[in-house]
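Each reported figure results from applying straightforward, stated rules to the coordinates on display, with no laboratory input. From a predicted model like this one, the values you see are computed outputs, not experimental measurements. Cβ placement follows ideal geometry from the backbone for every residue including glycine, while neighbour counts extend to all protein chains displayed.
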Amino acid sequence: MSQEQAVDTAGMSYLESAPRKLVTVYLPLAIFLFVLLFPFYWMGITSFKPNNELLSREGNPFWVIEPTLAHVKKLLFDTSYPEWMWNTMLVSVVSTFASLTAAVLAAYAIERLRFKGARHVGLAIFLAYLVPPSILFIPLASVVFQLGLFDTRWALILTYPTFLIPFCTWLLMGYFRSIPYELEECALIDGATRWQILTRIILPLAVPGLISAGIFAFTLSWNEFIYALTFVSSSEIKTIPVGVVTELVEGDVYHWGSLMAGALLGSLPVAFVYSFFVEYYVSGMTGSVKE
Amino acid sequence: MLDKLQNNRNALGLVFMLPAAVLLLLFLTYPLGLGVWLGFTDTKVGRPGQWVGLENYAFLLEDQVTRLALFNTLFYTTIASVLKFFLGLWLALLLNRNLRFKTFFRAVILLPYIVPTALSAIAFWWIFDSQFSIISWALTKMGLINAYIDFLGEPWNARWSVIAANVWRGVPFVAITLLAGLQTISPSYYEASAIDGATPWQQFRHVTLPLLTPIIAVVMTFSVLFTFTDFQLIYVITRGGPLNATHLMATLSFQRAISGGALGEGAAISIAMVPFLLAAIMVSYFGLQRRAWQQGGGDK
């Protein structure tokens, strides 16, 4: 995607009149934005509503009259929420770094060392990327159990790379491909080893790719649900998505306030990281679907 | 010895592949094979199974709940993917105009895709609540309905509700990736066709769409794969209810294998999804090949 092509693709839209553009562009866009963002607003407003306002059909539900921090307080002090937060953070960071390391080595080997059979390995990595966790979790649960990892953080740290490594490797292969071969040849002539080439030439040039892959991998592990639901059962080692879904729902009484506060707080860290690295995230996402 | 390793591409390649290969073989390839094997056994939690051949599959073929789950999965995947495609394409075309704050719009639109699905699903659960649903409240105030809608208590309502949640989550992905595709189309095509008197619809039909087809095929393949194997939304919003009306293959396999302990049967349900996934991949792969060939590309 070259830069010149990306600018002003709208071409001749200046021919359009302002009122027409308002109806055909801004109005639909406003509706899209409203629908896409409303659930977040709703999460936020519900987290600060006292129970009597939550369970009343009178008044204006879109606003809160007496905001309260009771739900957040309950979440932070009466539940294991802080522990879930810590677990999610720990598992996401460790599995992201482990996967990134393995992926850098693998991508370099496939793309640049071109060992015998590298093409087939590259294809296998792509196919691994297409294996959905929901067809893998049952046998994987039995593997985790056999290895004695059931109900430990290791179960998650070691299984998340099954979807992170294929994704990161695939993305990094694309980045490494864009680095000119000549750089590497010069270094080889000057007597650099492959390891030196990787750490001193390729990696510094691939920093944007590393950030893209890292951000994407972090959000993927933060959002992971089915493995965390299946492989962990003790409350103190659950992750946020699983903890909120399984522990905050007690019988038929739904504590909507603290449920929404839990959902909101659990979404904030990824939204925060994302807001700093939007461009990297988008290029990671679009890169992941490119051949 | 170390020097020799440094210069042998095959040996060094093997060393570099080692960490990824060990993890993937142990936690991906082996479980995949194990899953196929489990599907042919009557394994229960805590009890090794006996080989029973196709018994699980024969049972599931006759099982009303499994048949319903298959229907639900196909219905859910078809409707949600079609909606995601049209809405996503529309949103991408809107974002491709020269707008103010375009970068901001693009960043905000992706939010539903990046926050944990299990957590946004809880928000939808609350939005679809039978007594306090904000949608029902708004519709009542507008005078469109008299009684609150039972979104998740009635089979067809529940099906459409979970589809709505899935579309909400998936549209940003489709829109942003298609937008990236749109931005690679050179404006000169539009200028040339406009000079030849093409209408906006003709431009879309004969310039945008053909050039966008490859990326549409890839994006929609991914979208179909993820929708077909969806688990979180259903597990959180309905747990497959009411009356199994929203059970998908993935949630049913979880219920049978993990909650019910019938690992063999659950594995068989998972494995039964594979042919459908392969079919989706094949359709898109061969579709793209045929297109490349039509456009003068050689046989690969």
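General observations
- Relative contact order (%) - criterion: Cα under 8 Å, at least six apart; region: chain B: 27
- Cα Rg, Dmax (largest Cα-Cα span) when computed across chain B, Å: 24.1, 83
- Applying D = kT/(6 pi eta Rh) to the protein assembly as shown, where Rh is the Kirkwood radius over alpha-carbon pairs, T corresponds to 4 °C and eta to 1.567 mPa s, the Stokes-Einstein value obtained is 50 µm²/s.
- The residue B:64 and residue B:156 beta-carbon pair, evaluated with R₀ = 22 Å, returns a calculated FRET efficiency of approximately 0.80.
- Using a cutoff of 8 angstrom between alpha carbon atoms and counting only pairs six or more residues apart, the relative contact order for the stretch A:74-289 works out to 33 percent.
- Taking the Cα centre of chain A as reference, the dipole from Cβ charges on Lys and Arg (+1) and Asp and Glu (-1) amounts to some 500 debye.
- Here's how it looks for residue B:41: its modeled amide H is under 5 Å from those of B:52, which are all 5 or more places away or on a different chain.
- Inter-label distance, nm, simple model (7 Å from Cα along the C-beta direction), residue A:193/residue A:120: 3.0
- Between residue A:26 and residue B:191, the modelled labels are 2.8 nm apart [label points 7 Å from Cα along Cα→Cβ].
- 3J(HN,Hα) from dihedral phi, the stretch A:276-284, Karplus parametrisation 6.51/-1.76/1.60, rounded to Hz, x for glycine, proline: 7, 10, 3, 4, 5, 5, 4, 5, x
- Net charge over other residues, Cβ less than 13 angstrom from the Cβ of residue A:142 (K, R count +1; D, E count -1): +2
- Sequence-distant residues sharing a close amide H with residue B:145 (under 5 Å, placed H): B:140
- Computed over chain B, the per-residue total of -39500 (n - 2.57) for DSSP H runs of n ≥ 4 gives a 222 nm mean residue ellipticity of -22000 deg cm²/dmol, rounded to 500.
- Which of B:60, A:234, A:175, positive extreme of dipole for the protein assembly as shown (C-beta unit charges): A:175
- Packing-based exposure ordering (other Cβ within 10 Å, fewest first) of B:196, B:63: B:196, B:63
- Dipole magnitude of the stretch B:1-96 about its Cα centre (Cβ charges: Lys, Arg +1; Asp, Glu -1), debye to nearest 20: 280
- For the protein assembly as shown, a crude dipole built from +1 on the beta carbon of Lys and Arg and -1 on the beta carbon of Asp and Glu, taken about the Cα centre, is about 840 debye to the nearest 20.
- Per-residue 3J(HN,Hα) values for the stretch B:56-71, derived from phi via the Karplus relation 6.51 cos²θ - 1.76 cosθ + 1.60 with θ = phi - 60°, read 4, 5, 4, 5, 5, 5, 8, 6, 4, 5, 5, 4, 4, 5, 5, 4 Hz in sequence order (x marks Gly and Pro).
- Karplus-derived 3J(HN,Hα) values for the stretch B:281-289, using 6.51 cos²θ - 1.76 cosθ + 1.60 with θ = phi - 60°, are 5, 4, 4, 6, 5, 6, x, 5, 4 Hz; glycine and proline are entered as x.
- Whole-Å distance, taken between Cα centres, linking the stretch B:265-290 and the stretch A:186-206: 41
- Centre separation in Å (Cα based) which lies between the stretch B:199-230 and the stretch B:101-117: 20
- Shielding by partners, peptide A:114-125 (average Cβ within 10 angstrom, other chains): 3
- 14 Å beta-carbon shell around residue B:88, net charge (K/R +1, D/E -1): +3
- Spin-label pair residue B:209-residue A:205: with each label point 7 Å from Cα along the Cα-Cβ axis, the two points sit 4.2 nm from one another.
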